[in-house]
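Input: a single structure, listed below in structure tokens.
The values are calculated or read from the model by the stated rules, or taken from the named source; none is laboratory data. These numbers come from a predicted model, not from an experiment. Cβ placement follows ideal geometry from the backbone for every residue including glycine, while neighbour counts extend to all protein chains displayed. The accessibility values were calculated without ligands, DNA or RNA, using every heavy atom of the protein model including side chains. Shrake-Rupley method; radii C 1.70, N 1.55, O 1.52, S 1.80 Å.
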Amino acid sequence: MTAPPTGLRERKKAKTRAAIREHAMRLFEEQGYAATTVDQIADAAEVSPSTFFRYFPSKEDVVLVDDVDAVLLGAIRAQPAAVPPVEAILRGIRSVFDGMSPETWEFERRRQRLVLGVPELRARMLHQMTDAIDMVAGVVAERAGLPADDFSARVIAGAAVGAMVAVLPPEGSEKTDGVTPADYHRLEKALMLLQEGLPLG
């Protein structure tokens with residue numbers, strides 16, 4: 001998804017972060033999210049609790065930090081200026097999805113399964129949607145040469161993020177894997193519904 005870190009220090013930090021996250025995910029799956037403590041995660045990853053908190057501010061963040069966000073924003077930003085904003089978002093998502101390896105998809109399924117299956121994680125994920133709107137709105141406005149707080153850019157971003165949330169299975173659904181490759185057409189259809197009637201500026 002992203003270029004690997006090149007410096008020795010950066011590689012070591014990336015390796016430590018990945019180890020913490022993988023051990024955390026394994027423990028969450030084996031013994032449950034609520035029953036897993038930061039001390040247990042740190043012990044499994046062979047780091048101190050203070051090291052854990054240098055990489056993740058809280059236990060929730062191990063699951064909720066989305067490494068795809070920065071890649072997606074870059075993919076949207078890279079679309080030609082003449083491409084309408086919703087289409088740019090759609091193309092950006094398509095390019096990111098197409099570039100995800102099977103291993104990345106598997107990790108995302110595991111992560112989304114936890115987010116959708118643990119009420120407190122799902123609630124915080126939905127609360128973070130305002131941050132997602134801010135990020136997408138900034139890129140939409142930037143592409144159009146508008147101020148970062150442009151109202152129309154925020155409306156478009158809010159609608160697009162809302163469409164993405166609408167694709168997720170409802171709370172209590174038996175399907176808790178989140179968005180998978182097979183679900184992409186549903187996300188595409190949701191964004192296409194926004195393609196008309198949202199003038200920018």
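Computed values, structure above
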item: Cα convex hull volume per residue for segment 44-104 (Å³); result: 113 Å³
item: Accessible carbon and sulfur surface of segment 17-102 relative to its total accessible area, %, 1.4 Å; result: 55 percent
item: Å² of accessible area per residue within the chain, as computed with a 1.4 Å probe and no ligands counted; result: 54 Å²
item: Convex hull of segment 1-114 built on C-alpha atoms - directionally averaged projected area, nm²; result: 8.4 nm²
item: Overall form of segment 58-155 per C-alpha gyration tensor (a/c, 1.5; a/b vs b/c); result: oblate
item: Estimated FRET transfer efficiency when R0 is 30 angstrom, pair Trp105-Asp149 (beta carbons, to 0.05); result: 0.30
item: Lysine pairs with alpha-carbon atoms under 29 Å apart, the chain, spacing 8 or more or separate chains; result: 5
item: Mean shadow area of the chain over all directions, Cα convex hull, nm²; result: 12.3 nm²
item: Whole-number D in µm² s⁻¹ for segment 78-125, Kirkwood Cα-pair radius fed into Stokes-Einstein, 4 °C, 1.567 mPa s; result: 102 µm²/s
item: Nitroxide proxy distance, nm - points 7 Å out along Cα→Cβ at His185 and Glu46; result: 4.7 nm
